[in-house]
Each structure stands twice: as C-alpha cells, then as structure tokens.
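Just below is one structure, and these are the notes that go with it.
The values are calculated or read from the model by the stated rules, or taken from the named source; none is laboratory data. Please read these numbers as outputs of a predicted model, since none were measured by experiment. Neighbour counts are summed over all protein chains in view; Cβ atoms, including those assigned to glycine, are modelled from backbone coordinates with ideal geometry. Ligands, DNA and RNA are excluded from the accessible area calculation, which covers all protein heavy atoms including side chains. Shrake-Rupley method; radii C 1.70, N 1.55, O 1.52, S 1.80 Å.
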Amino acid sequence: VIFLTGLTTECIIGIWDWERRVKQKIVVDLEMATDIRKAAASDHIDDTLDYKRVAKRLLQFVADSEFQLVETLAERIAGVVVNEFDVPWVRVRLNKQGAIRGARDVGILIERRREDFPAGQAARWRQSMAVYSSMSCARSSCVRSPVSRPPPAGMLVPQRRARRPPACVTSRLLTCDA
C-alpha cells in the first residue's frame, strides 16, 4: 500500500450560494494498493506507482472541480486513481475543514476497487472527464445551487462568475436535469 497524507488544495465545493463563490480548503488522504516487489528489486520508478504523478493529477483535478457534495468529489477522486493509474484498490479520505462550526474536521471516507468500475468504464471515464472539463450547460433553467444561505459571519465572499458547468452537468450523463 502506498499512501499520501495531507494533500491540500482549495476548490469550489458546497451547496450554499456563498460556497459556490468561495474556494474552500480540501485535504485528501489516500491509500493505494499496489505490488511494490518489482520496484523494490529493480529500484526503478517505472516499476511502481509514481505517487508524485498521482499527487499532481489530484491536486489539479480537485482545484479545477466545482462539485456540490464531498461525496461526489470523493467518488471522482477514487475514479481518477483507479482508472488513470491502474490501482486495484483505493481508500480516499476527504476532509472539508471548517465546514461545521465547532468541528475541526468533517468529511467522508470511501474504499473503491477496480470492480466498482465496470469493464470498459476506464476509457469512458477519461473521455467523460475531458468532456466535462470543457462543457457548460446551455439551459438557462439550470441552477448552480439548490439553496441559499448567508456565509458565516466575518467571511469575505468575492463576487465572481463560475468557470465550470453547473452541477446538473455531470461527468457521467453530460445532460441537464433542469
């Protein structure tokens, strides 16, 4: 098992209006199953899971994401690791620090196996992720956030236009459910 702990970046995540305008800190911990015996024998990076590549890919993926739920982000992270790095099993711990007043950490812990992603899904996964990152929803009825709530007291909330498609555009369906 290769692990990465404390991979930290910021992204748009949340259901509240103010969360759709402010990047929030996300901390990701990963455990990835891999057979390291060949790498141990050869002492060559090509024979193992390059955790630097995994880290760089996930930092970029999370920073560019704009999901509403941490559950969705955790699933997508697991999919990236399993499908793009050919990892048979991954444990993802996603921490949205400061999400609950009075709690230091709040988040989700999931485990996924290659079997959780049906045969042929890896190719479709990469294709849909590429399309998702370049699409926007053309329907004016789509809503970026289902609820409206003011930001916590004292939080500065900059006004900005979103760069990404609304949540109704998913990497799987790429359609609007409005």
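Would you check if there is a residue in the stretch 62-73 being farther than 23 Å from Arg113 by Cα and open to solvent by 80 Å² or more (accessible area, probe 1.4 Å)?
Going residue by residue through the stretch 62-73, those that are farther than 23 Å from Arg113 by Cα are 63-64, 66, 68.
Subsequent filtering for residues that are open to solvent by 80 Å² or more (accessible area, probe 1.4 Å) retains none.
Looking through the stretch 62-73, none of the residues is farther than 23 Å from Arg113 by Cα and open to solvent by 80 Å² or more (accessible area, probe 1.4 Å).
I'm told Lys96 meets every condition in (1) closer than 15 Å to Leu7 by Cα; (2) open to solvent by 70 Å² or more (accessible area, probe 1.4 Å); (3) of a type in the set (Lys, Arg); (4) touching a helix residue (DSSP H, G or I) at 6+ places or on another chain (Cβ under 8 Å) except one. Can you identify the failing condition by its number?
Of everything listed in (1) closer than 15 Å to Leu7 by Cα; (2) open to solvent by 70 Å² or more (accessible area, probe 1.4 Å); (3) of a type in the set (Lys, Arg); (4) touching a helix residue (DSSP H, G or I) at 6+ places or on another chain (Cβ under 8 Å), Lys96 misses just condition (2).
For the stretch 82-99, check the following and say yes or no: at least one residue is part of a loop (DSSP other than H, G, I, E, B) and among the small types (Gly, Ala, Ser).
First pass over the stretch 82-99, keeping only residues part of a loop (DSSP other than H, G, I, E, B): 86-88, 96-99.
Still in the running and among the small types (Gly, Ala, Ser): 98-99.
Scanning the stretch 82-99 turns up at least one residue that is part of a loop (DSSP other than H, G, I, E, B) and among the small types (Gly, Ala, Ser).
For Val62, state whether it is under 22 Å from Arg91 (Cα atoms) and outside any helix (DSSP H, G or I). Let's see the steps before the verdict.
Working: under 22 Å from Arg91 (Cα atoms): yes; outside any helix (DSSP H, G or I): no.
When the stated conditions are applied, Val62 does not pass them.
Condition first: part of a strand (DSSP E or B) and either open to solvent by less than 30 Å² (accessible area, probe 1.4 Å) or of a type in the set (A, V, I, L, M, F, W, C) (or both). Now tell me which residues in the stretch 10-28 satisfy that.
Initially, the stretch 10-28 is screened for residues part of a strand (DSSP E or B), giving 10-11, 24-28.
Across the stretch 10-28, the qualifying residues are Cys11, Gln24, Ile26, Val27, Val28.
Which count do you get for residues in the stretch 100-110 that are open to solvent by less than 80 Å² (accessible area, probe 1.4 Å) and in a strand (DSSP E or B)?
Going through the stretch 100-110, the residues open to solvent by less than 80 Å² (accessible area, probe 1.4 Å) turn out to be 103, 105-108, 110.
Now drop any that are not in a strand (DSSP E or B), which leaves 107-108, 110.
Summing the residues that are open to solvent by less than 80 Å² (accessible area, probe 1.4 Å) and in a strand (DSSP E or B) in the stretch 100-110 gives 3.
Being among the polar types (S, T, N, Q) and farther than 11 Å from Val28 by Cβ is the filter here, so list the residues in the stretch 45-103 that pass it. Lay out the reasoning, then the answer.
Filtering the stretch 45-103 down to residues among the polar types (S, T, N, Q) leaves 48, 60, 65, 68, 72, 83, 95, 97.
Scanning the stretch 45-103 gives Thr48, Gln60, Ser65, Gln68, Thr72, Asn83, Gln97.
The conditions are (1) assigned to a helix (DSSP H, G or I); (2) over 20 Å from Ile100 (Cα atoms); (3) open to solvent by 20 Å² or more (accessible area, probe 1.4 Å); (4) modelled with pLDDT of 90 or more, and Asp46 fails exactly one of them. Which is it?
(4) is the only condition that Asp46 fails.
Taking the condition in contact with a Cys (Cβ under 8 Å, 6 or more places away or on another chain), open to solvent by less than 60 Å² (accessible area, probe 1.4 Å) and closer than 15 Å to Leu4 by Cβ, does Val87 pass? Let's see the steps before the verdict.
Values: in contact with a Cys (Cβ under 8 Å, 6 or more places away or on another chain): no; open to solvent by less than 60 Å² (accessible area, probe 1.4 Å): yes; closer than 15 Å to Leu4 by Cβ: yes.
No; evaluated as a whole, the condition is false for this residue.
Pick from Arg113, Arg149, Arg139: which is of a type outside the set (S, T, N, Q), at pLDDT 85 or above and open to solvent by 60 Å² or more (accessible area, probe 1.4 Å)? Can you show your working first?
Details: Arg149 fails: at pLDDT 85 or above; Arg139 fails: at pLDDT 85 or above.
After applying the criteria, what remains is Arg113.
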